[in-house]
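In what follows, a structure is listed as structure tokens, so that the remarks can point back to it.
Rule-based calculations on the coordinates, nothing more; no lab input. Because the structure is a prediction, the values reported are computed rather than measured. Cβ sites come from the backbone with ideal geometry, for glycine too, and all protein chains shown count toward neighbours.
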Amino acid sequence: VSRGKQAENTSIHLGSTIIGGGQPAMIAGPCSVESYEQLRSVASLLKKTSVNVLRGGAFKPRTSPYDFQGLGLDGLKLLKEVADEFDLITISEIVDPRHLELAGDYIDVIQIGARNMHNFELLKEAGRLSTPILLKRGLSATLDEFLHAAEYILYGGNKNVMLIERGIRTYERATRNTLDISAVPLLKLETHLSVLVDVTHSTGRKEIMAPCAKAALAAGADGVMVEVHPNPAAALSDSAQQLDFEQFEAFYNEVKRSGLLS
Ligand code: PEP
Ligand code: MN
């Protein structure tokens, strides 16, 4: 992953969106895929705001086993159905190495979540694919550990890796996690991989997501990810953190107005 090995940026082509090609991108969608109607309404919102990459979790790594665990394969199928209908690129998390190959039939980008950044067997298996991987920084991972996790995937042969900072655990409780903005320019110095920022899971605070997204882009991020839901109060996961449609449009417009987004 080192810039010493490859000076030019690795860009990932996702339909008309190129991540790491110099034009920062926006990725948005619900925390969890809940239903066809829910996903469809988010997809039409994204189309309206010219966001081309839809995220949505189907296999959810939840703190409690009693919480909604996601729709599993049915969720991936819904993502495919809606993506085909709206011509969108899709991202969803895979947690089990046995699902990696099959996921490629339904989604465009496989997310490896923060909890699995240290799951080396999952990383090795992801390295055997050619599907792009969005690798999240671990809950308490150093940048060196983050880069080594990415190295596992590239070492296996899959060069299509994107990194995403999603906040780390610190003593601070004002935010859900502490967004490490310095990770963006530091990673960009160290690696040719693209670097994105998840403003939802890092801040967990709707009212500061736009300034944090602008800070991420100003620091050189190749894109920003945010969660949006038609009715956050009724969401089956991350109900407190997802933007509703009006909030999403305000968020998008504020970030866009900065001139930092393509
Ligand atoms: C997510 O993006 O759906 C998610 C679970 O995030 P993280 O792995 O960063 O907690
Ligand atoms: Mn979430």
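A few points about this structure:
- The distance from the alpha carbon centre of region 21-86 to that of region 184-206 is 20 Å, rounded to a whole number.
- Cα gyration tensor shape for region 53-160, rounded if a/c is under 1.5, else prolate or oblate: oblate
- Sites excluded, chymotrypsin sites (Phe, Trp or Tyr not before Pro) in DSSP loops with at most 14 other C-beta within 10 Å, longest stretch of the chain: 67-170
- Of the GluC sites (Glu not before Pro) found in region 169-262, the ones in coil according to DSSP and having at most 11 other Cβ atoms within 10 Å of their Cβ are 172.
- The chain: C-alpha gyration tensor shape, a/c 1.5 cut-off, then a/b vs b/c: rounded
- Amide H partners (placed H, <5 Å) of residue 14, local residues excluded: 19
- Cross-link check: pairs 77/256; 60/206; 124/256; 60/80; 5/47; 47/188 evaluated at a Cα-Cα cut-off of 28 Å; pairs beyond the cut-off: 77/256; 124/256; 5/47; 47/188.
- Trypsin sites (Lys or Arg not before Pro) within region 43-75, DSSP loop, no more than 10 other Cβ atoms inside 10 Å: none
- Mean-position separation - Cα centroids, region 215-262 and region 108-157, in angstrom: 24
- In this structure, the amide hydrogen of residue 111, modeled 1.01 Å from its nitrogen in the peptide plane, lies closer than 5 angstrom to those of 92, 93, 94, 134, counting only residues at least 5 positions away or on a different chain.
- Amide proton proximity set for residue 225, modelled H, under 5 Å, gap of 5+: 27, 197, 198, 199
- Cα gyration tensor shape of region 1-79, rounded if a/c is under 1.5, else prolate or oblate by comparing a/b with b/c: oblate
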